[in-house]
Amino acid sequence: MTKDQSQMTNNKPTMSQNSVVKKSVTYLSLIFMGAAGSLLGTQLLPNRPELIPPSVAQLPAQVPSGNINFIANAVDRTGAAVVRIDAARATRARQPGARVVRGTGSGFIIEPDGLILTNAHVTGGADTVNVTLKDGRKFTGRVLGRDELTDVAVVRIQANDLPTVTVGNSDNLRPGEWAIAIGNPLGLDNTVTAGIISATGRSSSDVGVPDKRVGFIQTDAAINPGNSGGPLLNQQGQVVGMNTAIIGGAQGLGFAIPINRAQQIAEQLVAKGRIDRAYLGVQMATLNDEIRETLAQESNGDVTISANQGVVVLGVERNSPAAAAGIRPGDVIQQINGQQVKTADQVQQAVENSQIGVNIPLEVSRNGRNIQLSVRAGEFPASAS
C-alpha cells in the first residue's frame, strides 16, 4: 500500500496499516530526558544546533500596503500572548526507577482570564503544566481537556487581564499568503519566522498521520521542535493556525491545525472536557490497483472488487455500528449521505460531521452489485483514541 491508502474511521491503525506511512512526521515539542526522550512516541529532532544547507522561502513579491515592517507589527500585536509550556510525566509511575520525561512547547492565550490553546502532545498526558509568559511570569496550568485525534488541548492558568491573540478565519486562507510563526523552538523563546501558506486542506494521510482528524495548513515558515502549539499568523497578526508537525528530513514542510478547527475542538473541551464524535468502526483505504491486488491475494480470491473507484473497507470492528449494519471487508463505499466519495478522507469527514445516533445511508459495491445500507452512528469509544 502507498502512504495515502491507510485511513481509519475512528479506530487505531493496525500494524500493517502503519507500515504504509512513508513520511517521517515529527511533532514539534522538544523533549529533554538526560539526552533525549519521547512523549506519545513522537520522533525528535536534535536538540543541538546542526549545520544545514541554506534554504530560501518563496515569499510574496510585495509587502502589504508597502509596509516593510508588517511582520514586526504583526508580532507586536500578538507576541505578548504567546507562552512557553513545560510538561513532565513519569514513564513508569509508581515503580522504582521511573524516568521523568519533560517536554517544552508553545501555546497562546485566547481569553484574558487565562485560557490557553496548545497541542495535545505538548501536554504529554500531564494534568498540570508549567506556563511562562513573555514577561517572565510563571503559572501552574491545569489541562482542561485534550483531544488526541485532532491534537488540540486547552490549559487554564489563574490570572486576569492577560494579553490575548486576535483570531482570524482559516477558511479564507489562500496559498501564497504570508505566514508568520511564533514559538519556542529548541528552547529559544519568542522566536519569529516567516514564510507563506504553501497549501490548505492537506489531509492527514497526505501528511503521514492517518489517525488524525485534521485538514492541515502547509507552510514553509521555519518551524522546529518547541514550536508545537504556537500560533501561525497572517500578515495582519491574526492567528490562522496552530503549528503542529513537520516532515523529518525535509525543509520548508511544516503543518498547522486551522484555527477554526482548533477553536471548535477547544469549545467542546472547555464545556465537557471531551469530544463527542460519531463512530462507525471500520478500517478503510482509498481504492487503487495495488490495494485491489493485495485484497485478492490475501483473501484467496474470495473478495472480488469490480468498482473502479471508491473507498474499500479493510476491516470491521467487532460489535461496532458498521458490523451491526452488515458492512463487510471488501465492500467499496461509493456514496455516503447521498454524496459520491472517492477517498477515505471524504468518508472520514462525512462521519465526523454526523451526529451520534443518526442513521448514515451508505451505498457500497459488493462483488459487482451495488447495495444500500444504513449505519446508525455510535459514540466514539474512549478505548479507540
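Bear in mind these aren't lab numbers, they're just calculated from the coordinates by the rules spelled out. This structure is a prediction, so every number in the text was calculated from the model and none was measured. Using ideal geometry, Cβ is built from the backbone for each residue, glycine included, and neighbour counts are taken over all protein chains shown.
Observations, loosely collected:
- With a Förster radius of 51 Å applied to the beta-carbon distance between residue 186 and residue 302, the computed FRET efficiency rounds to 0.45.
- Extension gain, residue 171-residue 319: 0.36 nm per intervening residue step, less the Cα-Cα distance, totals 49.5 nm.
- Cα-centre dipole for segment 209-360 with unit charges at Cβ (Lys and Arg positive, Asp and Glu negative), debye to 20: 480
- The alpha-carbon of residue 134 sits under 17 angstrom from the alpha-carbons of these aspartates and glutamates, leaving out residues fewer than 8 places away in its chain: 76, 86, 111, 113, 161, 189.
- Computed about the Cα centre, the dipole magnitude for segment 278-384 is approximately 320 debye when only Lys and Arg (+1) and Asp and Glu (-1) carry charge, each at its Cβ.
- Longest to shortest principal axis, alpha-carbon extents of segment 278-384, angstrom: 35, 28, 21
- Model label points for residue 260 and residue 276, set 7 angstrom from Cα along the Cα-to-Cβ axis, are 2.4 nm apart.
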